[in-house]
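What follows is a single structure, written as C-alpha cells, with notes after it.
The values are calculated or read from the model by the stated rules, or taken from the named source; none is laboratory data. Just so you know, these numbers come straight off a predicted model, no measurement behind them. Here Cβ is always computed from backbone atoms with ideal geometry, including for glycine, and neighbour counts include all displayed protein chains.
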Amino acid sequence: MDLQLTNTTAVVTGASRGIGLATVQALTAEGVRVVAAARTITPELKETGALAIPVDLLTPDAPAQLIDRATTELGDLDLLVNNVGGGDGGEGQTGGFLSFTDQQWQQSLDLNFLAAVRTSRAALPSLLRRRGALVNISSNGARMPHAGPVTYTTAKAALTAFGKALAEEFGPQGVRINTISPGPVRTAMWESPDGYGAELARSMGVTQEQLLAQIPAAMGMTTGRLLEPSEVATAVAYLASPLAAGMSGTDLLIDGGSVKTA
Ligand SMILES: NC(=O)c1ccc[n+]([C@@H]2O[C@H](COP(=O)([O-])OP(=O)(O)OC[C@H]3O[C@@H](n4cnc5c(N)ncnc54)[C@H](OP(=O)(O)O)[C@@H]3O)[C@@H](O)[C@H]2O)c1
C-alpha cells in the first residue's frame, strides 16, 4: 500500500531508540524527510538517514529551537510526532503516590506533557500552512491510571486530553491531530537494567525476565505478548498518510486488548 508520504516532511521527538527510532525508520522508508530529536544520537538513528538533532526537550526553549532548525532544513512541516516521554531510569517510581515529590511531578509533567505542548505550539503555524498532521504518543495508562507511576499516567491523561482539544481547534483549518495509546512495548523502558521495568521487578521481588514474562497476563493483554516498537510506528505512518484523512481526534489503542471498556 502506498501511503503517499514520499517527499513529505516530519519531526519526530525522542528518536534515538524505541518507538521514536522505529517511527523514524518507518517514515524514512516511506520517503519522508525527517528531522529526529533526542539528547543522544545513536548509530541506529544515524543509519536511518534522518537529520538527527541533539536536544534536551526538558529545557523550556528547546522545542521552539528544534522546530526552528527543522523548518530551516526541511521547509514547512507535514507531520509532527510528539513521542518523547517516559523518563530516565526507574528509581523512585514504584513507591506510590505518597512517595512522589513536587520535583518528580514537575519532571514527569515536563517530559510527558509540556514538551509536547511546547513542540506543538512551535510547529502548528507550519503544520497549518501545509494542512499537515500531528500524532501524540500517549499511553493506555491514561485510561488505566493505576497501571503505572501516577505522575506518568496523569501526565499522559493530560496529553490525551490535549490531543482531543487541539483536534477540535485545528481540524477545521485542515490539521489532523490524533493520539496513539500503546500498552507495554518492548523498549528500554522495560528492558534496560536501570529502567522502570528493572525497578518494578526489584520492588516485586522477581527477576526482570520473570516480570517481562508476567506482564502480558498481568495487564490483560489477550495477545499474550509485549508489543514491538514497529507496531506503533506503522500506526504513526498510517495516521500521517492522506489515506487516514477521515481520522481526527482519535485515541488509537495499540495495547493487545488491555483496556476492557468499549
Ligand atoms: N515502552 C512502552 O511500554 C510504552 C507504553 C506506552 C507509551 N509509551 C510512550 O512511548 C514513548 C516512547 O517510549 P519508549 O518506550 O520508546 O522510550 P525509550 O526507549 O525510553 O526512548 C525514549 C526516547 O526519548 C529520548 N529522550 C528522553 N528524554 C529526553 C529529553 N529530555 N530530551 C530529548 N529526548 C529525550 C530518548 O533519547 P535520549 O535518552 O538519547 O535523549 C529516547 O530516544 C514515550 O512517550 C512513552 O511514554 C511507551
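The table for this structure:
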| item | result |
| --- | --- |
| Lone qualifier among D88, D61 - being modelled with pLDDT under 95, under 30 Å from T9 (Cβ atoms) and surrounded by fewer than 18 Cβ atoms within 10 Å (Cβ to Cβ) | D88 |
| Among the candidates T42, T59, T48, residue that is within 22 Å of G85 (Cβ to Cβ), away from the ligand (no atom under 12 Å from the Cβ), of a type in the set (S, T, Y) and touching a helix residue (DSSP H, G or I) at 6+ places or on another chain (Cβ under 9 Å) | T48 |
| Any hit, the range 126-140, residues being within 9 Å of the ligand (Cβ to nearest atom) and in a helix (DSSP H, G or I) | yes |
| Residue identified as without any contact (Cβ under 8 Å) to a residue 60 or more places away in the chain and part of a loop (DSSP other than H, G, I, E, B) among D110, D76, D2, D68 | D2 |
| Criterion (surrounded by 20 or more Cβ atoms within 10 Å (Cβ to Cβ) and more than 22 Å from E199 (Cβ to Cβ)) met by exactly one of V81, V55 | V81 |
| Every residue from the range 180-196 that is away from the ligand (no atom under 11 Å from the Cβ) and buried (at least 21 other Cβ atoms within 10 Å of the Cβ) | none |
| Exclusive hit being part of a strand (DSSP E or B) and either over 20 Å from the mean Cα position of the chain (by Cα) or within 13 Å of the ligand (Cβ to nearest atom) (or both), set A22, A36 | A36 |
| Yes/no for Q93 being in contact (Cβ under 8 Å) with a residue 60 or more places away in the chain and in contact with an Asp or Glu (Cβ under 8 Å, 6 or more places away or on another chain) | yes |
| Residue that is nearest to the chain's Cα centre (by Cα) [pool: residues in the range 133-157 that are over 25 Å from G257 (Cβ atoms) and without any contact (Cβ under 8 Å) to a residue 60 or more places away in the chain] | L134 |
